[in-house]
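Take a look at the structure below.
Each reported figure results from applying straightforward, stated rules to the coordinates on display, with no laboratory input. Fair warning: this is a prediction, and the values are worked out from it, not measured in the lab. Cβ atoms come from the backbone with ideal geometry, glycine included; neighbour counts cover every protein chain shown.
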Amino acid sequence: MQTRTDVEKKLKSSRGNLLAVVLFSAVNAVSALSGSGFGFFFAAVIPTILVEVGQMVPAYSAICTVAALAVIALYFVCYLLSKKNKAFLVAALILFSIDTLLLLLTLFLGIDFMTIVNLGFHAWVLSYLMAGVKAWTDLQKKRYEEEPVPARESKEPSTKKCAFCGEEIPSDAMFCQFCGGNIGEKEEADQRQKQQEEEAYKRRKRQEFEEKGLNILFDDAKVMEEANMYRRFYSKKACVSYLKSKAKEFGLGDIELTEEDVE
Ligand SMILES: [Zn+2]
């Protein structure tokens, strides 16, 4: 599966090719205007053809030049706006497809090597534009994997109170600088005690469960008070899922309980 960065890279290289087409087309148009006969392949042919037609028919010279520049400007607008809007990359693809078609048609005037090479370049640009449109679609439909966000450093408090004398000491201190109390040992002991208490509690609950079944939930006044609140203010379903989560907390695992049980 591609990542979001992969998709964005494809879109970027597609637009990069489009920008190259704009620049080389502009150079070719200027070159044709000056009659140098020099031109790049990596360009749209329509602007150059327009300029050449203008030179052959002087009456249309101005309008042909303006049209040629307008076509190049259109490509440039597509390049600029395709960053934010997929439609402009599609427009560029359509424009360049027309350009390719026209180039293909010139083969009927006579097959020459340069046109074949130019068609190869056109195919290259078309494939990049199509990849760009696909990348745009992938971005819209979120067909990519989101890169894992680097975990933020947790902001733990930098101080804590000494368990013996109550003074503020660094949170990672093992000994208290005020009373010399062994914080590390105390914390470890507390942790162990807490764990033992939890285990003892679960053991007790399991034993109780073996004796009374689900009644250990139903006999627990505090649990039932909450369960009733869920039933009254939310729904029976909420009540059931609350009781189920309580059962898990008691170490009973998944219990069979339906909405009828909490009538
Ligand atoms: Zn202390």
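Some observations on this one:
- In the chain, helices alone account for a calculated mean residue ellipticity at 222 nm of -22000 deg cm²/dmol, with every DSSP H run of four or more residues adding -39,500 (n - 2.57).
- Geometric descriptor of the chain, per residue, is 313 Å³ (volume of the convex hull of the Cα atoms).
- Exposure rule at most 15 other beta-carbon atoms within 10 Å, DSSP loop trypsin sites (Lys or Arg not before Pro): the chain longest free segment: 156-263
- Phe233/Gln140 FRET efficiency (R0 35 Å; Cβ-Cβ; nearest 0.05): 0.25
- A convex hull fitted around the alpha carbon atoms of region 208-263 yields 71 Å³ per residue.
- Given R0 = 35 Å, the distance between the Cβ atoms of Glu211 and Ala173 translates into a calculated FRET efficiency of 0.15.
- Ordering Asp190, Asp138 from the fewest to the most neighbouring beta carbons within 10 Å gives Asp190, Asp138.
- Extreme residue, positive dipole direction of region 212-263, given options Cys239, Val262, Asn215 (C-beta unit charges): Cys239
- Against the chain, whose longest principal axis comes from its Cα atoms, helix 113-140 is set at around 30 degrees.
- Full extension of the segment from Leu119 to Glu8, taken as 0.36 nm per residue of separation minus the current Cα-Cα distance, would add 37.2 nm.
- When each of the peptides 87-93, 257-263 is scored by how many other beta carbons lie within 10 Å of its residues on average, the order from highest to lowest is 87-93, 257-263.
- Simple rule: put +1 on each Lys or Arg Cβ and -1 on each Asp or Glu Cβ in the chain, find the dipole, and look at Met229, Ile111, Leu129; the Cα lying farthest toward the positive end is Ile111.
- Fully extending the segment from Phe40 to Ala20 would add 6.1 nm, taking 0.36 nm per residue of separation and subtracting the current Cα-Cα distance.
- Taking amide hydrogens as placed 1.01 Å from N in the peptide plane, the amide H of Thr3 sits under 5 Å from those of Glu145, each at least 5 positions away in sequence or on another chain.
- Taking the fewest neighbouring Cβ atoms within 10 Å as the starting point, the ordered list for Asp219, Asp6, Asp254 is Asp254, Asp219, Asp6.
- Distance violations [Cα-Cα > 18 Å] among Lys202/Lys236; Lys12/Lys86; Lys10/Lys141; Lys194/Lys222; Lys205/Lys246; Lys9/Lys86: Lys202/Lys236; Lys194/Lys222
- Counting Lys and Arg as +1 and Asp and Glu as -1 over every other residue whose Cβ lies under 14 Å from the Cβ of Leu19, the net charge comes to +3.
- Qualifying chymotrypsin sites (Phe, Trp or Tyr not before Pro) for region 136-225 [loop in DSSP, other Cβ within 10 Å: at most 15]: Phe164, Phe178
- Alpha-carbon centroid distance for the pair region 89-134 / region 217-263, whole angstrom: 69
- Cys residues of the chain that find no other Cys beta carbon under 4.7 Å: Cys64, Cys78, Cys239.
- With semi-axes defined as the square roots of five times the eigenvalues of the C-alpha gyration tensor, the equivalent ellipsoid of region 132-237 measures 41, 37, 15 Å, largest first.
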